[in-house]
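Visitor: To start, I am sharing the structure in question, which I have written as structure tokens.
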Amino acid sequence: MSIKKDKNLSQKLTGHEQVMKFLENLEHPLKPEIEYLRRIILESNDQLSEHIKWNAPSFYIHDDRITFNLHGKNGFRLIFHCGSKTTEYANGKPIFEDSSNLLEWLAGDRATIRFSSMEQIETNKERLKQVVNKWIEATKEF
């Protein structure tokens, strides 16, 4: 993956404009998959806004909740988190039961999903939308 650096990326641009500029400059073997997954996430919950965080598109309501991790050779990940602060749930059981079986729990308040193909995204599209909404609901008070 490579991204052409633009020092003005976050200056005077809306979050959506930041993401569009980022994607325009993104060179990644799974760029179509990343763009498609972004649209799915935005369509799944109309409360979500987007911007760039940690050098990748991130989705938030009051604080960041879902962020792309685009590093790696054979895919990319979505990181489901509660912003940059550790919560009281970090060392406990997962904050909700994941009936989708998509999430890999890293802590009680942090999970990931790895993607490596358009087929995988399409197959899991509806379950992913459910996970996004469950995550937003479970973390809205954090």
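The values are calculated or read from the model by the stated rules, or taken from the named source; none is laboratory data. Computed from a predicted structure; not experimentally measured. Every residue, glycine as well, gets a Cβ built from its backbone with ideal geometry; the counts of neighbours run over all protein chains shown. Note: areas computed on protein heavy atoms with side chains; ligands, DNA, RNA excluded. Shrake-Rupley method; radii C 1.70, N 1.55, O 1.52, S 1.80 Å.
Visitor: At most 16 other Cβ atoms within 10 Å and a DSSP loop assignment: could you name the trypsin sites (Lys or Arg not before Pro) in the range 34-142 that fit?
Guide: LYS73, LYS85, LYS140
Visitor: Another question, if that's okay. Quick one: which residues, 5+ away or cross-chain, put their amide H under 5 Å from the amide H of ILE66? H built at 1.01 Å from N.
Guide: PHE59, HIS81
Visitor: Next question, about the same structure. Given only helices, namely DSSP H runs of n ≥ 4 each adding -39500 (n - 2.57), what is the per-residue ellipticity at 222 nm of the chain, to the nearest 500 deg cm²/dmol?
Guide: The helix contribution divided over the chain gives -10000 deg cm²/dmol.
Visitor: If you don't mind, another one. Of LYS21/LYS125; LYS53/LYS129; LYS73/LYS93, which sit over 27 Å apart, Cα to Cα?
Guide: LYS73/LYS93
Visitor: Put TRP135, TRP54 in order of accessible area, largest first, 1.4 Å probe: what do you get?
Guide: Solvent-accessible surface, decreasing: TRP54, TRP135.
Visitor: Given the protein chains as shown and a 1.4 Å probe, how many square angstrom of SER84 are accessible, to the nearest 10?
Guide: Its accessible surface works out to 90 Å², give or take rounding.
Visitor: Sticking with this structure for a sec: Any chance you could look up the accessible area of HIS71 with a 1.4 Å probe, heavy atoms only, rounded to 10 Å²?
Guide: 110 Å²
Visitor: Moving to a separate point now. Which listed residue (ALA90, GLY108, ASN55) has the Cα farthest towards the positive end of the charge dipole for the range 51-123, taking +1 on Lys and Arg C-beta and -1 on Asp and Glu C-beta about the Cα centre?
Guide: ASN55
Visitor: Using amide H atoms built in the peptide plane, which far-off residues or other-chain residues are under 5 Å from PHE142 H to H?
Guide: none
Visitor: Keeping all protein chains in place and using 1.4 angstrom, which order do THR87, THR67, THR123, THR14 fall into by accessible surface area, from largest down?
Guide: Final ranking, largest accessible area leading: THR123, THR14, THR87, THR67.
Visitor: Here are some values of Rg/Rh (Cα atoms, Kirkwood Rh): [x] 0.92; [y] 0.97; [z] 0.95. Which one was computed from this structure?
Guide: Identified label for the calculated read-out: [z].
Visitor: If you plug each phi of the range 130-135 into the Karplus form 6.51 cos²θ - 1.76 cosθ + 1.60 with θ = phi - 60°, what whole-Hz ³J(HN,Hα) values come out, in order, with x for Gly and Pro?
Guide: 5, 5, 4, 5, 5, 5
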